[in-house]
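Heads up: the structure comes next, in structure tokens.
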Amino acid sequence: MKISLARRTAAEFMGTAFLVTAVIGSGIMADRLSNGNVAVALLANTIATGAALVALITAFGPISGAHLNPVVSVMDAMEKGLLWGETPYYVSGQILGGILGAIVAHLMFGLPIISFSHHVRSGPAQVLSEFVATFGLVSIIWGCSRRRPDAIPFVVGAYIMAAYWFTVSTSFANPAVTIARCLSDTFAGIRPIDVPSFVLAQFLGGVAATMVFRWLVPNLQARAGEILLEHELKPNR
């Protein structure tokens, strides 16, 4: 028995809100405690984000799949794991949840509710980084879905932690998180003007990865319904 769309959308909303709260909140804390050492601040931000992803995907995965990312939801719909009619609800929940997460992080640290970022993240290198980061994220999700779906929370968390460091953009790889971070003039922020190019690169990276895995794994659609984790209520639960 499939969980209702309302409950799945609520799970996506809550999960993305917690994710953005973790990203922005840990960025603020790291910036305050690192005494200007950007490497230390980024390391702290990385660890908190990766740990949050593992926890959130594990918690919300059985309810909604814990996509927490519009690219993942759209790619899942492309492979018929999520109905196209349900996809706008997922994406809306993720974007609104991300905005709430930014607000909550600001309130916890005594900052203005909304403060548009001045953090410059522009140029070909940044855009390429987002393409690569999202290509890798979607690739590992599709790759693990076939044989090791239960490992996805840990693999996604580990990959994002690594991608923070091997991409110049620090691997946003998520349109909902990107939009939310433009509302935060903090360590984790991004200028609103830089958001469209990031989001375009993220979707292109997701589509490219999905096309590659259609070739690598011809029965890819058979696993799409379990992205990120299986989201159905079993009779014995």
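The values are calculated or read from the model by the stated rules, or taken from the named source; none is laboratory data. Computed from a prediction, not measured in an experiment: that's the story for all the values here. Heads up, the Cβs are rebuilt from the backbone with ideal geometry, glycines too, and the neighbour counts pull from every protein chain shown. For accessibility, only protein heavy atoms count, side chains too; no ligands or nucleic acids. Shrake-Rupley method; radii C 1.70, N 1.55, O 1.52, S 1.80 Å.
At 1.4 Å probe radius, can you tell me the per residue accessible area of the chain in Å²?
With all protein chains present, the chain gives 43 Å² per residue.
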At 7 Å along the Cα-to-beta-carbon direction for both A162 and R191, put a label point, then send me their distance in nm to one decimal.
3.2
Quick calc: nm separation of the 7 Å Cα→Cβ label points for F116 and I3 -> 3.7
Longest principal axis of the chain (C-alpha) makes with the long axis of helix 195-216 (C-alpha) an angle, in degrees to the nearest 10, of 30
How much space per residue, in cubic angstrom, does the convex hull of the C-alpha atoms of the chain take up?
112
Positive end of the charge dipole of segment 1-146 (Lys, Arg +1 and Asp, Glu -1 on Cβ, about the Cα centre): tell me which of T87, N37, F116 has its Cα farthest that way.
T87
Distribution of pairwise C-alpha distances over segment 21-142, 5 Å bins, in %
2, 9, 13, 19, 23, 17, 10, 4, 1, 0
What is the spin-label model distance, in nm, from A51 to A151 if the labels are put 7 Å beyond Cα along the C-beta direction?
2.4
If exposed means no more than 15 neighbouring beta carbons inside 10 Å and the site is in a DSSP loop, what's the longest run of the chain without any exposed chymotrypsin sites (Phe, Trp or Tyr not before Pro)?
117-237
Taking the Cα centre of the chain as origin and charging only Cβ (+1 Lys, Arg; -1 Asp, Glu), how large is the dipole, in debye to the nearest 20?
360
Paramagnetic reach from S92 in segment 5-24 [backbone N under 20 Å; point 7 Å along Cα→Cβ]
5-18
How large, in percent, is the carbon and sulfur part of the accessible surface of the chain at a probe radius of 1.4 Å?
71
